[in-house]
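The structure under discussion appears below in the form of structure tokens.
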Amino acid sequence: MNGIILFLALILVLWLGRSILIPLLVATFLWYLINATATYVRKLFPFDSDDSRKQKAKTARIFDWLSNILSVLVMCGLIYFFITQIQPMFRELFAALPELQHKFVQFSHYLSQSLGLKFDVSMVPNITNIAANIGASIASIVTSTGMILVYMIFMFIEQSTFNKKFAALFPNKNKYKKVRYIIDSIDDNMKKYLFMKTLLSGITGVLSYFWLHYIGVEFAGIWAFIVFITSYIPTIGAIVACTLPILYSLITTPTLQQPILTAIGLITLQVVFGNILEPKFTGKTLNLSTLAILINLVFWGVIWGIAGMFFSVPLLVAIFIITAQFDSTRWIAVLLSADGKIPDKNEDD
């Protein structure tokens, strides 16, 4: 009974504190992504091994700073590209939504007549309202940009003191080793997941843009950006990424050639990058049950909306790793896993 009360209290705190926790989560995501990118960039530089870093500590530190600066510059470049290129396209799309809604109704009416079904206008989703709700969710995150930047700055400032603080929190050597193992496992898996996911999602988005632009689909930049963003949302993200441009081409073109080509190109990219390359490059990072991912997606979506859906997998990975480290919670990790195989538990020495 006490466990149920604590669980409900936790949900209430997460829901009431979403205005503070979501910006903190976004800042943590960006901080992790920059660190993950820096980790992989650092591998291109010398002094990557522990021995070489000890021999030339100052030079290695300079390379560390260079990798961090390059990562930040890449992030700033992507943000600048979004503001200057993608955002104006969104304005044009939002301006065209009323006309698009009218075409959507006509298309639904034609489809119902072709299938011999009764058509009710109220059954057609209101695209304008849906876009407004999604825009409001995104705008609430954008308005917290200042808070997100403050969080990130202090995370980078405090980053060098994390190890000392952990050592002070756990003076017992065995406990420290166990906590350190859990933190390092989460850190390694998160960095690998976020970097590879972002890299593959970015490539998928770029290829989607070139394909959609080549076959003449309007707002190809927007659809490609949606492909990139929704790739972080498991299962449903791929469906949304393919459905929206296919549906748009169905509504706006008189023939089926463009919708068919759109479907072939986008579905092929999703299968190749999402089902083949991503598991290969991320390894066993996401040895998670599909059912667990979907339940987790719904749970965080209800509590935090789109932001919760976006961060549902990283949060689930952290829960998966933590629960695997304790005898009392390993059964949770087993249920969350895809095949019953869970991370090794670090035994106290």
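The values are calculated or read from the model by the stated rules, or taken from the named source; none is laboratory data. Since the structure is predicted, the reported quantities are computational estimates derived from the model, not experimental observations. Here the Cβ is made from the backbone with ideal geometry for all residues, glycine too, and neighbour counts use every protein chain on show. Ligands, DNA and RNA are excluded from the accessible area calculation, which covers all protein heavy atoms including side chains. Shrake-Rupley method; radii C 1.70, N 1.55, O 1.52, S 1.80 Å.
Rg over Rh for region 159-268 works out to 1.31, using Cα positions for both radii and the Kirkwood form for Rh.
In this simple spin-label model, placing a label point 7 Å from the Cα along the Cα-to-Cβ direction at both Tyr80 and Trp331 gives a separation of 5.5 nm.
With a Förster radius of 41 Å, plug the Cβ-Cβ distance of Asn163 and Val240 into 1/(1 + (r/R0)^6) and report the FRET value to the nearest 0.05. Between Asn163 and Val240 the formula returns 0.50.
The apolar share of the surface of region 207-251, taken as the fraction of accessible area on carbon and sulfur atoms (1.4 Å probe, ligands and nucleic acids excluded), comes to 77 percent. Dipole of region 210-349 computed with +1 at Lys/Arg Cβ and -1 at Asp/Glu Cβ about the Cα centre; of Leu247, Asn296, Ser312, farthest Cα towards the positive end is Leu247. Close amide H partners of Ser337, meaning residues 5 or more places away or on another chain with modelled amide H under 5 Å apart, are Ser289. In terms of distances greater than 24 angstrom between alpha carbons, the cross-link table entries Lys177/Lys197; Lys191/Lys280; Lys164/Lys341; Lys175/Lys280 yield Lys177/Lys197; Lys164/Lys341; Lys175/Lys280. Treating each Cα of region 216-349 as one equal point scatterer and applying the Debye formula with no solvent, the log10 of I(q)/I(0) at q = 0.12, 0.14, 0.21 Å⁻¹ comes out as -0.58, -0.73, -1.21.
Based on protein heavy atoms only, region 193-349 ends up with 48 Å² per residue of surface accessible to a 1.4 Å probe.
Accessible area of Glu218 (1.4 Å probe, protein heavy atoms only, ligands and nucleic acids ignored): about 110 Å². Sorting Val272, Val317 by accessible area puts them as Val272, Val317; the probe is 1.4 Å, largest comes first, and only protein heavy atoms count. With R₀ set to 45 Å, the beta-carbon distance separating Val72 from Gln106 gives a calculated FRET efficiency near 0.40.
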